[in-house]
Structures are given as C-alpha cells and as structure tokens.
Amino acid sequence: MNYENLMRECFDLALKGRGKVLTNPMVGAIVFKNGKIIGRGYHRSFYQDHAEIDCFNNLEEAAEGGTLVVNLEPCSHFGKHPPCVDEVIRRKIKKVVISNLDTNPKVDGIKKLKDAGIEVITGVLENEGKKLNEKFFLNMKYKRPLLALKYAQSLDGKIATETFDSKWISNEESRAFVHKLRNDYDAILVGANTLASDNPRLTSRIDGGVNPYRIIVTNSLSLDPLSEVFLENSDNKTIIATNSTKDFDINAEIIRCKTKGGGVDLEDLLDKLYQRDIGSVLVEGGSVINNAFLRENLVDKIYQFIAPIIVSGLRSRSAFMGEGAKLISEAKKFRIDEIRRFGSDVMFEVNNVYRDC
Ligand SMILES: [Zn+2]
C-alpha cells in the first residue's frame, strides 16, 4: 500500500500546532483500519499530549489491528508524558508508518515497536517531513533555537535612508506575510537602535495568532520605558537581553548575558533562550544586530524582501553593517530555496548552506 496520501494528511494535521509547540516537533497522527481512517490527532501545544495519544483519544472504534501513520518516530522515553510506544503496543496496533526518525538520542521507539512484533515502515515522504520540522531537527542538532533574519530592502540593498526612515520599503502584501511569519516563530528580536527608531509593537496581528516573545538586545540602559513593547507587556513576554549588570526600571523580564566584543554574547543569549524552550527566533533588525549574528555564524535562514525602489546615499543603511569579508571567498554562503512575489515585491527565502540537517 502507498502511504503517501495518509502521510500528507498527517503533515496537515501537524501544521495545526504551528507556533504553539515551542521546541517540540509538529506531529500529526492517523489510525487507518479496514480501508478507512478511524482517528486523527496532532500535537496541539508544547504542554499537551503527543499526537499519537491525541489520536487515540479521538478514535471512532478500537485501534486493534489498525495501522498508525505518524510523521515522527513515536517516543520511547519518559519526558513530560509517558512513552507513546507503550500506548501503541497496548492498543494492539499492527503496523506503524513513519516519515522521520527522531534524532533525539533518548528516543528509540522503532526498536521497542519491532520487539513487540509490530511492523514498521520508515522514510515515507522523508524530505517533506524534514522540511516541515526543520526547526525541531536544527534544535536537536545544535541545541539552540533556529535563527532567521527578516528585512526589506531597496533594489540597491538599503533598509533605511540616511535619516533612518524605513517606513515603508515593502508593500502591504509583504507586511501581511510578515505577520504570518511572526506567528511561526517563538520569539522576535530587535536591537536597541531599531527599538528607538521604529518603536515596533512586535505582535502577530493575525486571527487566532499567538504573540511571540519580544526580545530587545542592548548593551546599555538607554531604553525608553514608554516604548510600545513595554507598554504592551500584558502577557509578560517582553524580554530585555543585556550584558549590563545595572538594574532596569522597565516593565520587562531581564536576561543577563555574557559579554563578547563589547556587546551581548549572542551565542550565550541563544543558549539561555533555548533553556526556556524557545525553539526559534526571528530577528527584525537592524544592520548592526544582523551583522553581529552573521559574524558569529548563527544565521540559519533569511527572509529578504526586495522592493523596486532605489534609495542611494552614502550614509543610508544596508542590511548588514560592521565588520565584513575581506575577500569574496570569505563571504558567508547561503542557498536560495524559495522565491515568492508579493505584488510588486519579491521575497527570497535563503538558508545557510552549513546548516543542513
Ligand atoms: Zn510521544
């Protein structure tokens, strides 16, 4: 039997957990028996049941003798929940069909299933499954959040004019897509300069969206306590990340980081965010913070919007400013994986060639 259509349905189910599973993978599960689907489930949020259990809780009839289709290897260890493989065995499932193996070293669900006499098929739509959970697989491999940059630039590569004006380079369609993007990321991060010049709210203004953590990186205390991100902090998700040891009288949580190169040690910051189960961070400017992440080899992905305007000017801002490569051979290398049009704008989604996992 060809399980690809059922696996695609698992992917669709998995995507319902988008933006809510933090460092967990997005997983969907289906039980198939006698030619029909008798149960569907998915991992709804970081704090809720795994997909297999959610699926078993929604069965129309007993799962005994059925096939479980699930996009990730069922877990075999005690985490926040008991192992899913035990429940798969208890329910007398006959066959388990999987897209991706779990790269978490604590998980060896397949061995446990086979030992219990269950047939296991793996690798169904494996590449699509990896793409779906790229964040999770990167988290597992590097033990830090996935880091993406987003910026809008002119044809001549400028993200702001000489007077720091940047509203708006991209069009409304592009900006609507950015609001969707924010819903996919666990945290949005800006530097203190962007906070001062743009005063962004950093919310996800889409229906049913979950607001991300809002992170302000600064090596000084000169933040305006009346900035929107501090005034909007009713959900307690605004964080100031700093290497300063002084106290702030601001409505936000403070994360103290190590110092590197006179500023916040960004690797240390990502470690600390990961410890808090933040699995992905979207950096929304500006030039200095973009360049700092790039120089530290921490940029996994870039969403680059290009608008058909030309700014020019010697002191206008480009997306990356600061120390750069001396030779082209030393330039950071990326791969363009997707090109999309938003009206008159174009967006490149590019991934770091060193981050394949
Ligand atoms: Zn599980």
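The values are calculated or read from the model by the stated rules, or taken from the named source; none is laboratory data. Just so it is clear, the structure is predicted and the values come from calculations on it, not from any experiment. In this analysis, Cβ positions are derived from the backbone assuming ideal geometry, glycine residues included, and neighbour counts consider all displayed protein chains. All accessible areas refer to the heavy atoms of the entire protein, side chains included, with ligands and DNA or RNA removed. Shrake-Rupley method; radii C 1.70, N 1.55, O 1.52, S 1.80 Å.
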Might you check whether a residue that is under 22 Å from residue 143 (Cβ atoms) and modelled with pLDDT under 95 occurs anywhere in segment 297-307?
yes
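Suppose we filter segment 270-320 for residues that are on the phi > 0 side of the Ramachandran plot and surrounded by fewer than 18 Cβ atoms within 10 Å (Cβ to Cβ); how many remain?
Of all residues in segment 270-320, those on the phi > 0 side of the Ramachandran plot come to 277, 285, 297, 312-313.
Applying the additional criterion that residues be surrounded by fewer than 18 Cβ atoms within 10 Å (Cβ to Cβ) yields 277, 297, 312-313.
Total satisfying the criteria: 4.
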Matching residues in segment 103-127 - criterion: being within 18 Å of residue 8 (Cα to Cα) and in a loop (DSSP other than H, G, I, E, B)
122, 123, 124, 125
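Looking at residue 53, is it more than 29 Å from residue 237 (Cβ to Cβ) and in the same structural domain as residue 115 (by TED's automatic domain parsing)?
Values: more than 29 Å from residue 237 (Cβ to Cβ): no; in the same structural domain as residue 115 (by TED's automatic domain parsing): yes.
Considered against the rule, which asks whether it is more than 29 Å from residue 237 (Cβ to Cβ) and in the same structural domain as residue 115 (by TED's automatic domain parsing), residue 53 comes out as no.
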Scanning segment 10-20 for residues that are touching a residue at least 60 places away in the same chain (Cβ under 8 Å) and either within 16 Å of the ligand (Cβ to nearest atom) or not basic (Lys, Arg) (or both), the one nearest to residue 89 (Cα to Cα) turns out to be 10
Filter segment 53-96 down to the residues that are open to solvent by 20 Å² or more (accessible area, probe 1.4 Å), near the ligand (Cβ under 9 Å from one of its atoms) and assigned to a loop (DSSP other than H, G, I, E, B) and list them by number.
76, 77, 79, 81, 82
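Condition check ((1) touching a strand residue (DSSP E or B) at 6+ places or on another chain (Cβ under 6 Å); (2) in the same structural domain as residue 252 (by TED's automatic domain parsing); (3) within 18 Å of residue 285 (Cβ to Cβ)) across all residues:
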position	(1), (2), (3)
161	no, yes, yes
165	no, yes, yes
173	yes, yes, no
185	yes, yes, yes
188	yes, yes, yes
197	no, yes, yes
200	no, yes, yes
215	yes, yes, yes
227	no, yes, yes
What is the residue count in segment 97-118 for residues that are within 13 Å of the ligand (Cβ to nearest atom) and open to solvent by 40 Å² or more (accessible area, probe 1.4 Å)?
3
Looking at segment 5-35 only, could you name the residues that are charged (D, E, K, R) and not in a helix (DSSP H, G or I)?
16, 18, 20, 33
Can you pull out every residue in segment 32-52 that is farther than 20 Å from residue 132 by Cβ, within 16 Å of the ligand (Cβ to nearest atom) and at pLDDT 95 or above?
39
Failed criterion for residue 176 (all others in (1) of a type in the set (A, V, I, L, M, F, W, C); (2) surrounded by fewer than 16 Cβ atoms within 10 Å (Cβ to Cβ); (3) closer than 20 Å to residue 299 by Cβ hold):
(3)
In segment 81-88, is there at least one residue being touching a Leu at 6+ places or on another chain (Cβ under 7 Å), without any contact (Cβ under 8 Å) to a residue 60 or more places away in the chain and more than 15 Å from residue 43 (Cα to Cα)?
yes
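Is it fair to say residue 216 is open to solvent by less than 40 Å² (accessible area, probe 1.4 Å) and among the hydrophobic types (A, V, I, L, M, F, W, C)? Break it down stepwise before answering.
On the way: open to solvent by less than 40 Å² (accessible area, probe 1.4 Å): yes; among the hydrophobic types (A, V, I, L, M, F, W, C): yes.
So residue 216 passes the test.
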So the check is Cβ under 7 Å with 6+ separation or different chains; which pairs have a first residue in segment 48-75 that's of a type in the set (S, T, N, Q) and a second one that's outside any loop (DSSP other than H, G, I, E, B) and open to solvent by 60 Å² or more (accessible area, probe 1.4 Å)?
58/40
Subset of segment 36-52 (residues that are in contact with a Gly (Cβ under 8 Å, 6 or more places away or on another chain), open to solvent by less than 50 Å² (accessible area, probe 1.4 Å) and part of a strand (DSSP E or B))
38, 41, 42
The number of residues in segment 222-246 that are under 15 Å from residue 194 (Cα atoms) and open to solvent by 60 Å² or more (accessible area, probe 1.4 Å) is 5
